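Peer 1: One structure is given below, represented as structure tokens, and several questions about it will come after.
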Amino acid sequence: CDDSRRDDGGVQLRQATAPPGALVLDGGEGLVFLEASLAANLRPHQEEGLEFMMRHVLADGGCILADSMGLGKTLQALSLLWVAFSRPAGRPMSRKAAVVCPSSLCGNWEAEVWKWLGPLRLRPTVVQGGSCAAAAVRSLTSFLAAGGVGASDGRLLIISYDQLRMHADRLDGVLDLLVCDEGHRLKSGGTSTTKRLDALRCRRRLLLTGTPLQNNLDEFYYCCSFVQPKLLPPHGVFQRVFKRPIERAQDKSASAEEMALGQARSTELARLTSSIILRRGPELLE
């Protein structure tokens, strides 16, 4: 029998029609499957995370995966990347993608790509902090020149935030999917890194963070605006309508009226942003 199931967002998994051990996803213009080597290692919450991310990628949008540490955000992101590269009929959702992360994590990402996607013939290009300018340019030139459907090289770039800041112009309009690890670093729209990232022409954006974003409303604003630029009002309006009333309500001297207004604005902000943020806590590991 066909044990198909469809979630509220319309992404469908048809396990009965998949190759043994694989998951099959509705790729919008045809089915794509997640190979058994990846699917076998996904826990139920990671399958849900993949479905969540797929909904936004299919809509040419962005989202935030904010799971607590230890819940496997990297594997979920790599599963999304592979599905994006594997769209059928020669029309992948992504021909070129980049993972942007702190320089100290470039090696970790490279190791995880080789662990999970190396057997599937995907070789990443790595440009990390400390690379000399000439070496970085050579690596980026090679990445940009290579690629194509089914190619091993030239599809996935792993690059540090500082190198991205220096070479963003080379990647403008080239990437189909942008993954930002430790995304809470985009905590200020005034930093040069945030400006260069935000200016990149790439509609599909995934932000990974293990830090509760709501702890800092400015940080929360910039992260949400990075993945969905039209979701929230301009920053000045956001501060007046949401940030100030919410923070005022948390002050011990706040009046009952101020507390009620802050709670109402907090509820409204959660309503506006809940569809693009997925956060699960460590209790899933218990």
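Peer 1: Would you check which residues across the range 195-219 are out of contact with any strand residue (DSSP E or B) (no Cβ under 9 Å at 6 or more places or on another chain), of a type outside the set (D, E, K, R) and either under 19 Å from ILE246 (Cα atoms) or modelled with pLDDT under 85 (or both) and list them?
Peer 2: Across the range 195-219, the qualifying residues are THR211, PRO212, GLN214, ASN215, ASN216, LEU217.
Peer 1: With VAL241, VAL179 as the choices, which residue is β-branched (Val, Ile, Thr), at pLDDT 95 or above and more than 18 Å from THR74 (Cα to Cα)?
Peer 2: The match here is VAL241.
Peer 1: Is one or more of the residues making up the range 132-143 touching a Gly at 6+ places or on another chain (Cβ under 7 Å) and buried (at least 19 other Cβ atoms within 10 Å of the Cβ)?
Peer 2: Scanning the range 132-143 turns up at least one residue that is touching a Gly at 6+ places or on another chain (Cβ under 7 Å) and buried (at least 19 other Cβ atoms within 10 Å of the Cβ).
Peer 1: Take residues that are among the hydroxyl-bearing types (Ser, Thr, Tyr) and tell me which of the helices (runs of 4 or more DSSP H) falling wholly in the range 79-179 contain 2 or more.
Peer 2: 103-116, 133-145
Peer 1: Would you check which residues across the range 231-286 are buried (at least 16 other Cβ atoms within 10 Å of the Cβ) and of a type in the set (S, T, N, Q) and list them?
Peer 2: GLN239, SER266, THR273
Peer 1: Here is a further query. Report, by residue number, each residue of the range 245-286 that is more than 28 Å from LEU71 (Cβ to Cβ), out of contact with any helix residue (DSSP H, G or I) (no Cβ under 9 Å at 6 or more places or on another chain) and assigned to a helix (DSSP H, G or I).
Peer 2: ALA256, GLU257
Peer 1: May I pose another question? Within the range 225-243, identify whether any single residue is on the phi > 0 side of the Ramachandran plot and in a loop (DSSP other than H, G, I, E, B), and answer yes or no.
Peer 2: no
Peer 1: Considering only the range 202-218, how many residues are more than 11 Å from the chain's Cα centre (by Cα) and either without any contact (Cβ under 8 Å) to a residue 24 or more places away in the chain or in a loop (DSSP other than H, G, I, E, B) (or both)?
Peer 2: Count: 8.
Peer 1: Could you check GLN76 against (1) surrounded by 19 or more Cβ atoms within 10 Å (Cβ to Cβ); (2) at pLDDT below 90; (3) assigned to a helix (DSSP H, G or I) and say which number it fails?
Peer 2: Against the list (1) surrounded by 19 or more Cβ atoms within 10 Å (Cβ to Cβ); (2) at pLDDT below 90; (3) assigned to a helix (DSSP H, G or I), GLN76 comes up short only on (2).
Peer 1: When only residues in the range 101-144 that are polar (S, T, N, Q) and at pLDDT below 90 count, which is nearest to the chain's Cα centre (by Cα)?
Peer 2: Initially, the range 101-144 is screened for residues polar (S, T, N, Q), giving 103-104, 108, 125, 128, 131, 139, 141-142.
Now drop any that are not at pLDDT below 90, which leaves 128, 131.
Numbers: GLN128: 19, SER131: 25 Å.
Applying the filter and picking the extreme gives GLN128.
Peer 1: In the range 244-278, which residues are touching an Asp or Glu at 6+ places or on another chain (Cβ under 6 Å) and not small (Gly, Ala, Ser)?
Peer 2: Of everything in the range 244-278, just one residue is touching an Asp or Glu at 6+ places or on another chain (Cβ under 6 Å) and not small (Gly, Ala, Ser), namely ARG248.
A quick yes/no check of all residues on (1) at pLDDT 85 or above; (2) more than 20 Å from LEU278 (Cα to Cα); (3) under 22 Å from the mean Cα position of the chain (by Cα):
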{"residue": "ALA18", "(1), (2), (3)": "no, yes, no"}
{"residue": "PHE33", "(1), (2), (3)": "no, yes, yes"}
{"residue": "LEU42", "(1), (2), (3)": "yes, no, yes"}
{"residue": "PHE52", "(1), (2), (3)": "yes, no, yes"}
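The values are calculated or read from the model by the stated rules, or taken from the named source; none is laboratory data. Worth saying up front: this structure is predicted, and the values here are computed from it rather than measured. Glycine gets a Cβ as well: all are built from the backbone with ideal geometry, and neighbour counts include every protein chain shown.
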